[in-house]
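All remarks here apply to the structure that follows.
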Amino acid sequence: MRRLNSPFGARAALAYARLTPIRRRIWASSLPELFVLLLAALPRLWRLEYHSIWFDEAVSLDWARLGPAHIWPGTFQLLRDKHPPAYYLALHSWQTLLGWFGAAERDAALRIFGVLIGILLVWGVIRLVTLLSGRAAALLAGAFTALAPVLVWYSQELRMFQPAATAIVWAAFFLAAAREHLPQQPASPGRSAAAARTFCWFGLVAALAFALYSYLYAAFFLPGLGLTVFLLARRRSAFNRRYILEAVAAFTIITLLFLPLARSAWVVNSASSTPGAPFEDFLPNLWRQLRIFTVWYSGWPSSVRAAAVLFFALLLLAGLFLPGDRRRDARPLLWLWIGAPLLIGSALLATNQAIFREDRYFLFLAPFVLSAAALGVSALGRWRPAAGALSGLAALVLLAASLPVLWTPPLFRENWRAAADYISAYQRHSPHAASAALVHPYFLFPALDWYLRRQPETAEMPVYGNFNAALTSEQAETLIAAHLHDLTAASGADTLWLVQSHLAGVDDHRLVQSWLDGNFALVTEQYPAGVQMRGYAVRYRYKTLPALSETAVHPQAQLFPGVELAACEITTPVVPARDVLYHPPSGWVHLRLWLRTYEGVSEAPPLFALVQSHDGQIWGRSLERAGDVLSVYPPTMWQPNEFVRVELDVNLNPLASPGAYNVKVEAAGEPGVPCGSVQLE
């Protein structure tokens, strides 16, 4: 091979020689670990308020605000909530701390709690894999865990799945670390080693207790972790009996702590679970779990996503089968930590067919699967350094490329913030009209109430939740009618908002909506992700024109013979032409018209509203909606000189350019009346 004697080659060699001591100092320091923790923090802190608090998170916040005196007795029996109390108690403490700074109701501030726990998870993976397989593999495992989309997602969620996973990783670390602090000479144990080991056993008990009392599925990890004791205790063809005895004592404490909760879980699940078939779809489920733990949704074509999952499957198999380079082989431990929960869960399908239903249920396995993939990269690197480097880089790129989809509209859950924002904006432009909301079913009340109470326009608005049990058609004119009659009378509202979600099993035939449709005129309907909103005009006939918003326009011009447009209000003065929140892809301009009859109307022409550019081009037209005021109470029935409130939604062309547009109301065959302007974004 020819040597490079060019000046360029000499300078490159000299620069490399000068950088070598710097690289060694960096490697000898904690900077690589800090870099991985920073890598974990960046995506977890990104756009913390992009997603609305959804129903499950609202339940967490509802429990957290009650305090320990109510959380423990309310959740320990698993009757009012299927999750035990530890996470709710921790969230209560965090919310109390935020209250000292006036941030107890800030979504981002609350979610930082999960972010910190997510970073703690990455640190735990680094510590654990360093102990078992060396620093290089640990840094790669930590980087995989830092960038895994599913772990980033659940770090930004106010639920117990990510905290339980973090506690399980640290439990595994404390179990392995206790073995490292055993004395080399049994005759002289040493105080420092005994103290360090005691700390590890205490950490193991505390971590597992928190995991078990936060998330019941954490119990699936216990058998594999218990068998780990015998693998860790074996050295040089002998078992360390002291380690085994201390571990048995620690696991005995954990078992005694968990038994009362396990009994409650068995009683509740036995009564409510639907049996299935054990090991049903076992291999497809393994593939699905691997997709969840790696690229998850990604947003890629199915073939590309399948190729990415296959790539991680090969790394996982390499990590589980190819030999390691340390005196202790981590592969048997990973087989236990990954395999035992999956086998237990698959067997328990016989008692509960929903064990694997949600992506989050086995989230606690993700760090161990990703650690095994990192060991696969290390094994490839020992075989061919270039293959290891390329495979590790490719895995990091795939994980990082899967992250952006997390903050896009397709992954909106239940957008209760958007629902509350719409009601609040409507009320802001409706000073004359009182509103009330009906949340259906009632158990969704905390989700909507969380946002309504934070906005001045709706802070005091009555919010009702009358139906929580399954409704039948026989109850339509009895129970349902009685409740809704009483509700509308008691609220004194001009507008009633029906906000509903999760109707399956409660109101499969939409009986509440049907009753309201048959008794009140429809004002608008909006569709935030996972939520449906319908506004009803409980009152739409007025003897005099009420006090309107400051932006109201008063044309007082004839709309068609016998009817004048006395006033109009635009409740959405600024609206995007392309909508992603309420009814993609088009934005809607909402108009409220105040019409007055000054003589009898024998025939009423169709009425519509237009959004036009200054050159007269039409960029939006009102929707025809069955059940609106004009359908329920047509102009031919209006009384002389009464004011009738009519509301329209103008559907915009999503290609409309930003700027100011004119709004006009027309009756067929008539010239139309200007009704102000709207700003499109």
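Worth a mention:
- Against the criterion of being touching a strand residue (DSSP E or B) at 6+ places or on another chain (Cβ under 8 Å) and either in the same structural domain as E105 (by TED's automatic domain parsing) or not acidic (D, E) (or both), A469 does not qualify.
- Any chance V611 is touching a Pro at 6+ places or on another chain (Cβ under 8 Å), at pLDDT 95 or above, over 14 Å from Y540 (Cβ atoms) and among the β-branched types (V, I, T): no
- G134 passes every criterion in (1) in contact (Cβ under 8 Å) with a residue 60 or more places away in the chain; (2) on the phi < 0 side of the Ramachandran plot; (3) surrounded by fewer than 19 Cβ atoms within 10 Å (Cβ to Cβ) apart from (2).
- Exactly one residue out of T571, T544, T551 is in contact (Cβ under 8 Å) with a residue 40 or more places away in the chain and touching a Lys or Arg at 6+ places or on another chain (Cβ under 8 Å): that is T571.
- Remark: L182 falls outside the filter, which requires a residue to be at pLDDT 95 or above and assigned by TED's automatic domain parsing to the domain that holds A86.
- Candidates Y243, Y297: the one that is surrounded by 19 or more Cβ atoms within 10 Å (Cβ to Cβ), aromatic (F, W, Y) and in contact (Cβ under 8 Å) with a residue 24 or more places away in the chain is Y243.
- Of all residues in region 103-157, those that are outside any helix (DSSP H, G or I), of a type in the set (A, V, I, L, M) and under 19 Å from S93 (Cα atoms) total 2.
- Applying a threshold of 8 Å to beta carbon distances and a minimum spacing of six or more residues, or different chains, the list of pairs starting in region 303-325 at a residue that is among the β-branched types (V, I, T) and ending at one that is part of a helix (DSSP H, G or I) reads V309/W287; V309/L290; V309/R291.
- Candidate set: region 254-272, residues that are among the small types (G, A, S) and touching a Leu at 6+ places or on another chain (Cβ under 9 Å); chosen: the one farthest from A219 (Cα to Cα): S264
- Beta carbons closer than 6 Å, at least 6 apart along the sequence or on distinct chains, pair a first residue in region 436-465 that is not assigned by TED's automatic domain parsing to the domain that holds F55 with a second that is assigned to a loop (DSSP other than H, G, I, E, B) and of a type in the set (A, V, I, L, M) for A436/A493; P441/V506; W450/I53; R453/A459.
- Consider region 415-438 and keep the residues that are at pLDDT below 95 and in a loop (DSSP other than H, G, I, E, B). The one that is surrounded by the most Cβ atoms within 10 Å (Cβ to Cβ) is H429.
- Pairs meeting the criteria (first residue in region 89-116 and more than 17 Å from W54 (Cβ to Cβ) and assigned by TED's automatic domain parsing to the domain that holds P68, second residue of a type in the set (V, I, T) and outside any loop (DSSP other than H, G, I, E, B), beta carbons under 6 Å, at least 6 apart or on different chains) are L89/I71.
The values are calculated or read from the model by the stated rules, or taken from the named source; none is laboratory data. Note that this is a predicted model, so its numbers are computed, not measured. Quick reminder, even Gly has a Cβ in these numbers, built from the backbone with ideal geometry, and neighbours come from all protein chains shown.
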